[in-house]
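The values are calculated or read from the model by the stated rules, or taken from the named source; none is laboratory data. Here the structure is a predicted model, which is why all the values come from computation and not from measurement. Methodologically, a virtual Cβ is constructed for each residue, glycine included, from the backbone with ideal geometry; neighbour enumeration extends over all protein chains shown. These area figures cover heavy atoms from the full protein model, side chains too; ligands, DNA and RNA do not enter into them. Shrake-Rupley method; radii C 1.70, N 1.55, O 1.52, S 1.80 Å.
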Amino acid sequence: MLNLVLFGPPGAGKGTQAKFLEQRYQLRQLSTGDMLRSAIAKQTPLGVEAKGYMNRGELVPDEKVVGVISECLDEYRDAKGFIFDGFPRTTVQAVQLDRMLAERGERIEGMLLLNVPNDELLKRLMLRGRESGRADDQDESIILNRIKVYEDQTKPVADFYSAQGKLWVIEGVGAVSEITARLEAVIDTLLK
């Protein structure tokens with residue numbers, strides 16, 4: 001089983017790249033952002049609670065997100081592996097993910113960090129906000145807060161996987177196909 005963490009700041013292209021990698025390697029993408037937005041649209045109790053955090057550009061509490069991931073791991077036991085997109089976002093979540101996978105006899109093979117400068121992130125997110133209508137991508141102050149939250153709270157997760165020898169930094173600027181090729185080269189190395 002191949003389990004990967006696709007990592008990077010908001011707007012780095014994780015969701016776009018995860019779709020390509022999911023098809024190429026026949027993995028199941030688990031996007032916490034998509035799951036939470038779906039819960040918000042359905043107005044589930046988790047969705048109502050998550051909406052407040054997300055509208056402020058803050059992280060949804062660890063226990064809520066970990067619960068969603070745990071349910072998905074149980075639901076998709078027959079998967080060939082997972083691409084974790086937007087998870088883990090804190091070191092606490094990374095520790096819990098490692099524990100959940102170990103209980104299933106699995107582990108994270110690698111964290112693929114998409115490296116993108118902040119000015120490019122802001123440009124991408126504002127464009128995505130105009131095209132998608134996502135409120136959290138239309139307000140520059142919320143976007144800048146999300147990038148700051150990433151730098152302060154999420155980026156340290158890379159150190160967690162780096163200490164395990166599992167961190168791969170990939171240049172996240174260029175044509176989508178070029179970025180995909182960079183990611184595939186790393187994954188193909190992990191599969192050897």
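List of remarks:
- Loop trypsin sites (Lys or Arg not before Pro), the range 4-49 (other Cβ atoms within 10 Å of the site Cβ: 11 or fewer; DSSP): 42
- Given 51/148; 19/166; 14/42, the pairs whose alpha carbons are separated by over 27 Å: none
- Aspartates and glutamates whose Cα lies under 18 Å from that of residue 80, excluding same-chain neighbours fewer than 8 positions away: 22, 71, 98, 103, 106, 109, 184, 188
- The range 1-146: relative contact order as a whole-number percent, Cα under 8 Å and 6+ apart: 39
- Each other residue within a Cβ distance under 12 Å of residue 123 adds +1 if Lys or Arg and -1 if Asp or Glu, for a net charge of -1.
- Evaluated with a Cβ-only charge set (Lys, Arg +1; Asp, Glu -1), the chain carries a dipole of roughly 220 debye about its Cα centre, given to the nearest 20.
- Comparing mean-square fluctuations of 90, 180, 44 from a GNM of the chain with C-alpha springs under 10 Å, the top value falls on 44.
- Share of carbon and sulfur in the accessible heavy-atom surface of the chain [1.4 Å probe, %]: 51
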